[in-house]
């Protein structure tokens, strides 16, 4: 039962107030994109044991989507941040580097 | 028009605490940049009070404003005044990008009163309602058992709870169940 | 015999007798007794039968670890099976019954299994049920079904109440023994919020029974002082009868409080589940004594040594008159000493250690108890009660040196810290050779959200077995948790605990060490699941090396006690058989809850009326009062039909359906989703949301729209109205409002966050009433106030106005093909408007109609229904809805996906109408079969029914379905095998059955 800090309303929300939204920072491919790009956008997902970036919504709270960086094996939370960004903020990446040297996730790390 | 009726027509229950349907309340959803002058003015114009900071409710002479999210406030006033308030707010906002919509009929409001009020609420919501952690003036949207709810305290012994109108009966029964006699927890 | 002693028992009140029954027999105990102590006081040693061999079973422990004394408690709607007598507090009128036997506890036919024991070895089930295959159904399954299960399931609805409670604390202390209390006090002195849970009805744990002093005060008195101090602190919450059931991620813990189990006459919930969030958790959960593995260690009367001491000290009960004590450590000497001092005959202490014990041995000897060192129990004899013990050398194979008659045996194989709660969330263990036990590894604690450890073990749960160390460890744990929770621990010196000096224990995994096969097949590891030493050894011989596999193969530790007594002995046996070290073999996984908790407590308040939220429209009560046969649609309840006296539901549906086409019907459409979309970019946004164009809709007009997911699949449909320049009003399906609102918010917040659009879900602000049928206009005109004529309010337009005195918005839209108005009014006016419309409709034959009529009417018109024609794999193109897919728009959600090769495949099944050749109704969901067979030898499928009804207007069965090349096969007859064995035949036709030109809705 996770607790995630909602960066929008400031509540440390119980998992039962949240709904998960899968992998973060997907780039949308629309009409005109190649079959491969579009297929990857729809279906290809990271499945790491360790550092992961996810989308969550504070559904039974302020209703806002946000991003969370956490470890899928220890459930350590490295930080939560705005949904209005296409990549993780530097300070969160730095924090992860401090705790998990050598981590990578997609193009980040 | 006919006499408007709330979902539960003012039902009440006495157990560990008193639970009552507050009847119809004026409620207006305001979406916009809450820090924009026009938005603040439109909202406070209805209540005669201040704009709330995050996670709080600000009361004025003629109503109160609850902070719902970074771009949403709930303006509360008398039910009879809500229609007019929507009009004045819309006018006040002019071309400012915003949304003002009357939701008075889409909600039910309950009052939970008594020294055990904190306890009754703590049976239903994953929120720390201990004294010092939750106090009058704070406003919290959360989950109450299986439904969405918003709660705040009018005073040390009184909680107000808002939920959707369609689940008013569920919410009322839930509160009655949590307030059933013999179920005191004696923890706060 | 087992009996009550004259004047002992610190927890019982002899002035308050309590009456209870066991298997119908009346017994008397005292207030303060557990059911187990009261049964023993009444010489009821035999309390049940084992699972597999139906062996007689007696009480073996005194607490949560009890594997045998599982009883059915209560009766009728308060009956509950598998309740441990050792943790059941006695109350007046308690009814209890033993389990797992037939016809009676004393004479059990199932006990013949014992005779076949050698045919029921480890892995019996796996080996047996493979061959021959036909035996499964007729022999094996009936046999297993008959003998499976422990206790019987309650038949009646549970009469009790349950609830949850969300608690937040800085430090949670699980266990209210001396260590837990002292750790709590240490933490509380810092000002941190502290919560202490104790599973029994008493503070102090084992210490008052075991004795010793703290700072010169007798430990029992010291505990009383601690409790008084803690109770006086505002920042401390103390809960008795509340078990720490589980520790989970991010400091989440469950407390299982048995509020009225001990006094069912009290008002209030029976159980309360505490859902706790703590910054730090101290596990002061004590330790559990291990049995010794000797032949006949399951005969009633063989008991854990400390349990026997508990019964004597706490309840003044001795399980026997002539007791033999067997041990590999000093602690069991306390039992011998305590019993002897109470006047019980302690015949012998058999100490497996060649050199015996320390100071306690000397004390025992001084009391005149004979002590044999290097000796072991070769075998205990007796059926339903211990009769005699054969003594042998621990170093040998079990040759009897001597036989002694006795009626009780106290055994102690050492102690295992209760590491369950430490381990639940990933805390690791380390093997302590000197005490032969797994204890928490302080370097590998469970970690929380910040990556730091959040559980601190204390006292015996941390492997500290003596009062002096327990006390100092508890204070250290309290300080560590305080600091880790972000508080400043007060600098205080730990109190000094003093306890008798000990000689080291010596591991004894089998008694005697080289017991021969005959003895090993009578040496029990798991009492509840009947697993013996020989079973584990067989598993090892058959190649089982992993403890997890061995557990499942032998069922060791898989019973309701989850191996609290058997795990360590079992894995030591496995390690020996594999010639491996115990830590290499490791433990099985400790999973919550610590002991079983009630289903009622897990459900909490969610039962009966509030099992789930039921959503009600403003006209719900009226609907209910007028014969509504309810249909659940999501959490909403909608009338399926309004059934009149003397009608069947089908009759009502036929009547309502005809009436809409012939006169006028009225429908509660309030459940339809309603979402306002506003802003300078609203048109652009809706063009992305819908497959068709919404930005060019003119204010005052309505347009039917389709929504697809990014995968291209149809997810919702509904009518969109343009309100003004920058405002649209979107209707969704009944089940779709919240989903579609969330879908819109998701795209606005996470993809197009720079677009200026706000959305609001206003579904419940309005009651919506559809007035439908040729006479609909006349009804509205009678109510008056708005012009609703063909030209004033044309088809697919909307108007605001005052209708019959009500502020309304009328949409001229139709889901039935008839002249139709959907009228929206404030929810608080919904019932009044409904009444007004009903009155106005009186002279026109108006009837309310339900969802089934709505379905038949739309099916007659070939209109699709989300969830019938769509199922998450269907795209609009499959449904002939190409007209609603914009070709002009560069992009919309689903557009790219609908260009994928699979989506454009001409062999996708497409929507058609189906008309049975004989007028009957096609079965819902039936598949059409074509030529040939598939790889499984089944007929190839060429289509399926998506909606099917009897149309009273057309007097025949009509259906819609998705069919391979359907639109090109008009007039072809398809075969649909039904589950009833019949083959239905239907002709492919146009899906519009009624008023093909749409004239009626446009009048």
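Since every read-out is calculated from the coordinates, none of them should be taken as a lab result. Note that the structure is a prediction, hence the values are computed from the model and not measured. Positions of Cβ are backbone-derived with ideal geometry, glycine not excepted, and every protein chain shown enters the neighbour counts.
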Note to self: What are the equivalent ellipsoid semi-axes of the protein assembly as shown, built from the alpha-carbon gyration tensor (square roots of five times its eigenvalues), in whole angstrom, biggest first?
What the structure shows: 66, 37, 30
Checklist line | Shape call, segment C:563-656: gyration tensor on alpha carbons, a/c limit 1.5 | finding: prolate
Note to self: Quick check on the protein assembly as shown: of the DSSP beta bridges with both residues there, what percent are antiparallel, nearest 5%?
What the structure shows: 80 percent
Next item on the list: Assign one of three labels to segment C:286-366, namely rounded, prolate or oblate, based on the Cα gyration tensor with a ≥ b ≥ c the square roots of its eigenvalues; rounded applies when a/c is under 1.5, prolate when it is not and a/b is larger than b/c, and oblate otherwise.
Entry: rounded
Note to self: I'd like the distance between the alpha-carbon centres of segment C:935-967 and segment C:277-337, rounded to an integer number of Å.
What the structure shows: 70 Å
Item checked: Shape of segment C:513-579, Cα gyration tensor, a/c cut at 1.5 -> oblate
Checklist line | Net length gained if the chain between residue C:15 and residue C:904 were fully extended (0.36 nm per residue, minus Cα distance) | finding: 311.4 nm
Margin query: Once the cut-off is 20 Å, how many percent of the Cα-Cα pairs in chain A end up in the long-distance tail?
Written below: 42 percent
Checklist line | Average other protein chain Cβ within 10 Å of Cβ, residues A:55-67 | finding: 6
Item checked: Within chain A, helix-based [θ] at 222 nm, where runs of 4 or more DSSP H residues each add -39,500 (n - 2.57), nearest 500 -> -5000 deg cm²/dmol
Note to self: Helix B:168-178 against the longest principal axis of chain B: what's the angle in degrees, Cα atoms only, rounded to the nearest 10?
What the structure shows: 40 degrees
Notebook entry, point to check: Based on the Cβ-Cβ distance from residue C:724 to residue C:887, what FRET efficiency comes out when R0 is 45 Å, to the nearest 0.05?
Noted result: 0.95
Check: Say each of residue C:985 and residue B:53 gets a label point 7 Å from the Cα, pointing the same way as Cα to Cβ; how far apart are those two points in nm?
Finding: 8.0 nm
Next item on the list: Mind putting together the pair-distance distribution for segment C:326-417? All Cα pairs, 10 Å bins, whole percent per bin, short to long.
Entry: 17, 49, 31, 3
Check: For chain C, what proportion of DSSP beta bridges, expressed in % and rounded to the nearest 5, is antiparallel?
Finding: 75 percent
Note to self: Whole angstrom only: what separates the Cα centroid of segment B:90-129 from the Cα centroid of segment C:191-245?
What the structure shows: 42 Å
Check: When the helix-only estimate is applied to chain C (DSSP H runs of n ≥ 4, each -39,500 (n - 2.57), divided by the residue count), what is the mean residue ellipticity at 222 nm, nearest 500 deg cm²/dmol?
Finding: -6000 deg cm²/dmol
Next item on the list: Return one number: the angle in degrees, 0 to 90 and rounded to the nearest 10, between the long axis of the Cα atoms of helix C:219-231 and the longest principal axis of the Cα atoms of chain C.
Entry: 30 degrees
Item checked: At R0 = 51 Å, FRET efficiency that the Cβ-Cβ distance of residue A:39 and residue C:999 yields, to 0.05 -> 0.65
Notebook entry, point to check: Counting DSSP beta bridges with both partners in segment B:12-178, what percentage is antiparallel, nearest 5?
Noted result: 100 percent
Checklist line | Sorted by Cβ density within 10 Å, fewest first, the residues C:769, C:225 | finding: C:225, C:769
Checklist line | Peptides ranked, highest mean first, by Cβ atoms within 10 Å: ranges C:25-35, C:756-766 | finding: C:756-766, C:25-35
Checklist line | Partner chain coverage, peptide B:162-169 - average Cβ within 10 angstrom | finding: 6
Next item on the list: Within a 10 angstrom radius of each residue's Cβ in C:670-683, how many Cβ atoms of other chains show up on average? Whole number is fine.
Entry: 2
Checklist line | Radius of gyration and Dmax over the Cα atoms of segment C:159-228, both given in Å | finding: 14.3, 50
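Using the Cα atoms of chain B to build a convex hull, what is its mean projected area in square nanometres?
Reported value for the Cα convex hull: 10.4 nm².
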Margin query: Can you tell me, using C-alpha contacts under 8 Å and at least 6 residues apart, the relative contact order of chain C as a whole percent?
Written below: 9 percent
Next item on the list: First measure r as the distance between the Cβ atoms of residue C:921 and residue A:108, then evaluate 1/(1 + (r/R0)^6) with R0 = 56 Å and state the FRET efficiency to the nearest 0.05.
Entry: 0.45
Margin query: Along the Cα→Cβ direction, 7 angstrom out, place labels at residue A:28 and residue C:650. What is the inter-label distance in nm?
Written below: 5.0 nm
Item checked: Estimated distance in nm for a label pair at residue B:36 and residue C:141, the labels positioned 7 Å out from Cα along Cα-to-Cβ -> 6.7 nm
Next item on the list: Could you estimate the translational diffusion coefficient of chain C from the Stokes-Einstein equation, with Rh from the Kirkwood formula over C-alpha pairs, at 4 °C and 1.567 mPa s, in whole µm²/s?
Entry: 38 µm²/s
Next item on the list: Note the per residue figure in Å³ for the convex hull of the C-alpha positions in segment C:673-764.
Entry: 81 Å³
Check: Taking the alpha-carbon centroid of each part, what is the distance from segment A:16-30 to segment C:662-729 in angstrom?
Finding: 25 Å
Note to self: Students often check this: by mean Cβ neighbours within 10 Å, which of C:725-736, C:294-305 ranks highest, and how do the rest follow?
What the structure shows: C:294-305, C:725-736
Check: Against the longest principal axis of chain B, how steep is helix B:79-93, in degrees 0 to 90 to the nearest 10, with axes from Cα atoms?
Finding: 40 degrees
